[in-house]
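Taken together, the values in this text are just the output of simple stated rules run on the coordinates, not laboratory data. All values derive from a computational prediction rather than experimental measurement. Here the Cβ positions follow ideal geometry from the backbone for every residue, glycine too, while neighbour counts run over all protein chains shown.
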Amino acid sequence: MNVLSVDGLRLELVSGETVVDDVSFELAAGEALGLVGESGSGKTTTALALLGYCRPGVRVAAGTIEVAGERVTGRSETDLRRLRGRVISYVPQDPASALNPSVRVGEQVAGVLERHIPSSDVDRVVAETFALVQLPSSSEFRRRFPHQLSGGQQQRVAIAAALVCRPKVVVMDEPTTGLDVVTQANLLEQIAVLREELQLAIVYVSHDLAVVASLADRIMVMYAGSVVEDGPAAPLLARPTHPYTFGLLAAVPDPAEPRTLRSIPGVALGVDERPSGCCFAPRCPQRISACTEAVPPLLSVDDGRRVRCIEWRRTPALVAELRQVAARERAAPLLAVDGLRAEHDERGRRLVAASSVSFEVAPGECVALVGESGSGKTTIARCIAGLHEPAAGRVLLDGTPLASRAASRSRDARQRIQIVFQNPYDSLNPRHRVVDSIARPMRVLRGLSRREAAAEVAALLERVRLPAKLAQRFPSELSGGERQRVAIARALATKPDLLVCDEITSALDVSVQAAVLELLAELQIELGLALLLITHDLGVVASVADRVLVLERGVVCEHGLVVPLLSHPEHEYTRRLVAAAPTLVARR
Amino acid sequence: MTAIAARMRFARTGSGRVGVTATLLLLALILIGPLVAPHDPAAIVGIPLQRPGSGFLLGTDGLGRDVLSRVLWGGRSIIALSVVATGLAYLVGLAIGLVAGYTRSLLDPVLMRAMDVLLAVPPLLFLLVLATGAGHSVVVLVLGVATVHVPSIARIVRAATQSVVVRGYVEAAVARGERTHSILAREILPNVLGTVLADAGIRLTGSILILASVNFLGLGLQPPRADWALMISENRGGITLQPWAVAAPALLIAFLTVAVNLVADAIARSLGTSLDRRRIAR
């Protein structure tokens, strides 16, 4: 019995461009569908359309959606409001902004129930629902405000609100993105249990294949607004038939399999730039002339698999190129951190971000600093870059202690250590053209003239594989991946010996992340650059790092070479991290 | 030349073009106006409070002076004084706000409490005391009006600065050891300018209003000088008989405000986009 069926759904912009085209699928009670795609693929737009909601400027142009026997398409807003929350509900990505900060969490969940089933025993049902999502059901807890809850608890409240009317279908839009791995693993487990208990049909939207793999029965891969491949999860992940799925799987880093990542050449296209034929054709290695002529149909392959590629038989099999990580000869360390202790002042209280942290980075080596949010890894990076004053301990460059503030360090030290920040959207000055952003460090730290710097910018842009014409653009005209490359180019502009990378790929799409990591590995070899990689993602660590330090609440709890450490973690905390990290290998 | 063309690109957006055109028209009016004015603005040339027509295009005011001539003459002082005062206020307010927002030292509370003290004094009372103590000169008037604006500009700039200081590009500048003044000028100022310009037009109107009130109280420009603000206060008594003596300068002040606001908004919008890629700016 299908509780959700979508047939030939097409969504258009009011201006006529197609956003999402030809989406058809059916979902039975208790089944989970993973909707996978990168930003701009139309996955969230599709997911919202299932609830009869379109963002302003978007409309349903064709197709039908039926939920539990009720038509969603073509209904009035008033009708739809009776369905939403009762028959089909939605769990948003960011619970911190989805929950009203000034309403108690119990009331927020009760509000949904009162709207749809006013006669029910509200208090009892809400308490039951809280218990169902493993939140304390006491009235004290329900009287709390969202800010008094942890991120994981907030997301559970959002799920409780979605489940309180016991809907048939739940649409979850990246519900675990932004949570720590351990919290994410717990929540995913909980979602699987709920699905079983309530016979929920789940549409799970995510960019993260590994997360989807742990939950979904079927996976639907979207690219540039169309479904390129769908089918049962395990075989799809083991043997992709669409070149995009293949590319995506080759780009996903996996902690259980330290391998070299391969990015997909080219960039994703915007809604107004899509080609007339196959949308993936411009980036496809197995393109033939027929691909650019007409949109290929969704072909049925064996065992319920469908693929939108006329050349699918030529898609290669996935082969993991395992990395060879050899122990290096001990050279004199480039950077040494010795007994570092860092503190934050928060409303008069002193919080310890890191204590007695010591490690070394050799020239040309990639060391990863791993930990969950609040483990102090970013603070350590900032101490090394001279942005945070350590409370105790020293940072040494080539054996010489560095001043704690960047401004009091020598020009030479500032030039040799460069930092790249997490968020590509705020690491470039929006008022400066790319060329000015990259040229500035050369002028300040290497004393180059305007003309010399401008000449070198072109070479650097090429080095980070960006077209030279980007030099005259402003950051607002670049994509996230392009911005992060510019930020890397800016750091490279001083010809540094050490690059501190603070979560530089966490805001990027999987294929873009692979391209940036590929670039880092290349720079490490070609320029002999040492890298200090700050990250929470063990997959990223597995695919680029030589050595790893695991941080737990500001203390290094385990360190060692990447391969033995990830395959045989010794410390209890590392074990928990490794166990919680989503992996694709296990599902194959 | 191309650099100037690039700087003027804000003028190519629709509302920017309207704003620039309107501002240029007004400038032309106040510059050329006195040359073409039919009468001496201070001379009594007819019967008081005549309606438009009968030889006077906009009628006469309460003393029988030609309203048109006074309007043509009266833009100079009000525009010049309010523009200078507002500009001065922005210079000082920006400097104080940037420093207070950037520094994490004691300088921030010291500067801001000083601003609070200024903010607590009612503007007119402040100008009254100032004029009584320092005399009725134009310089005192401009400095006084500027001082009235400084605290609120400084507060806005400080808040905007604090939200910019934590950005990656500022951190990157700190990490490469840039000097404070170059961080303020290169990294922070261009990014608070949009916020600051948002109310530039309103502030200019505020200056006009304060100047008008001060003039009305007899502490600023003295009659018989022709001045739009003075004209409004002089002629409001006869508004039922001869509305044009009030309406003409009032409309021009409104026109000035709208024009300045359009230009300020267009500049704020054009920051950080290159013209060839404008269509991508979603």
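Report, as an integer, the average count of C-beta atoms from other chains found within 10 Å of each Cβ along A:468-477.
Neighbouring Cβ atoms belonging to other protein chains average 3 per residue here.
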For n ≥ 4 DSSP H runs only, could you compute -39500 (n - 2.57) per run for the protein assembly as shown, divide by its residues and tell me the 222 nm figure to the nearest 500?
-13500 deg cm²/dmol
Using only Cα atoms, find the angle between the long axis of helix A:450-463 and the longest principal axis of chain A, and express it within 0 to 90 degrees, rounded to the nearest 10.
50
Once the convex hull of the alpha carbons of the stretch A:242-354 is built, what does its volume come to per residue, in cubic angstrom?
268
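Viscosity 0.692 mPa s, temperature 37 °C: Stokes-Einstein D of the stretch A:84-140 from its Kirkwood Cα radius, in µm² per second?
Here the translational diffusion coefficient equals 267 µm²/s.
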Net charge around A:Val361, counting only other residues with Cβ within less than 10 Å of its Cβ (Lys, Arg = +1; Asp, Glu = -1)?
-3
Can you list the residues of the stretch B:190-214 with backbone N under 12 Å from a point 7 Å past the Cα of B:Ser15, pointing along Cα to Cβ?
B:198-199
Nearest 10 degrees, 0 to 90: helix B:107-120 Cα axis against chain B principal axis:
20
Roughly what % antiparallel, to the nearest 5, for the DSSP beta bridges in the protein assembly as shown?
60
Neighbouring partner chain Cβ atoms per residue of A:416-429, average, 10 Å criterion
4
Could you state the per residue volume, in Å³, of the convex hull enclosing the Cα atoms of the stretch A:335-553?
122
From the P(r) of the stretch B:49-178, can you give the percent of Cα pairs sitting at distances over 27 Å?
46
Take the Cα pairs of the stretch A:1-140, get the Kirkwood Rh, then feed it into Stokes-Einstein at 25 °C and 0.890 mPa s and tell me D in µm²/s.
144
What is the local net charge at B:Ala185, summed over the other residues whose Cβ is closer than 11 Å to its Cβ (Lys, Arg +1; Asp, Glu -1)?
0
I'd like to know how the stretch A:299-449 sits against the 2.2 N^0.38 Å rule of thumb: what's its Cα Rg over that expected value?
1.52
Would you kindly calculate the translational diffusion coefficient of the stretch A:345-407, applying Stokes-Einstein with the Kirkwood radius from alpha carbon pairs, for 37 °C and a viscosity of 0.692 mPa s, and quote it in µm² s⁻¹ without decimals?
251
Here the Cα Rg-to-2.2 N^0.38 Å ratio for the stretch A:97-225 is 1.07
Does chain B classify as rounded, prolate or oblate by the C-alpha gyration tensor (a ≥ b ≥ c root eigenvalues; a/c under 1.5 gives rounded; else a/b over b/c gives prolate, otherwise oblate)?
oblate
Spatial extent of the protein assembly as shown: Rg and Dmax, with the Cα atoms as the point set, Å:
32.9, 104
Cβ density ranking, 10 Å radius, fewest first, applied to A:Lys377, A:Lys495, A:Lys168 yields A:Lys495, A:Lys168, A:Lys377
Report, in degrees rounded to the nearest 10, the 0 to 90 angle that the Cα long axis of helix A:122-132 makes with the longest principal axis of chain A.
50
Is there a simple number for the mean count of other chain Cβ atoms within 10 Å of the Cβ of residues in A:59-65, and what is it?
0
Neighbour-count order for A:Trp312, B:Trp73, B:Trp228, fewest beta carbons within 10 angstrom listed first:
A:Trp312, B:Trp73, B:Trp228
Stretch A:Ala234-A:Ala62 to full length: gain in nm at 0.36 nm per residue minus the Cα-Cα span?
58.8 nm
With just the Cα atoms of the stretch B:87-132, tell me how far they stretch along each of the three principal axes, in Å, largest first.
38, 22, 12
Lysines within cross-link reach of A:Lys168: Cα-Cα under 22 Å, excluding same-chain residues under 8 positions apart?
A:Lys43
If A:Cys278, A:Cys557 are placed from fewest to most neighbouring beta carbons inside 10 Å, the sequence is A:Cys557, A:Cys278
List the GluC sites (Glu not before Pro) within the stretch A:478-559 that DSSP assigns to loop and that have no more than 12 neighbouring Cβ atoms inside 10 Å.
none
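If R₀ is 45 angstrom, what is the calculated FRET efficiency for the pair A:Arg262 and B:His181, using the beta carbon separation as r and rounding to 0.05?
On the way: r = 47 Å, r/R0 = 1.04.
Once rounded, the FRET efficiency stands at 0.45.
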Can you tell me the FRET efficiency between A:Val585 and A:Ile288 if r is taken as the Cβ-Cβ distance and R0 is 25 Å, rounded to the nearest 0.05?
0.15
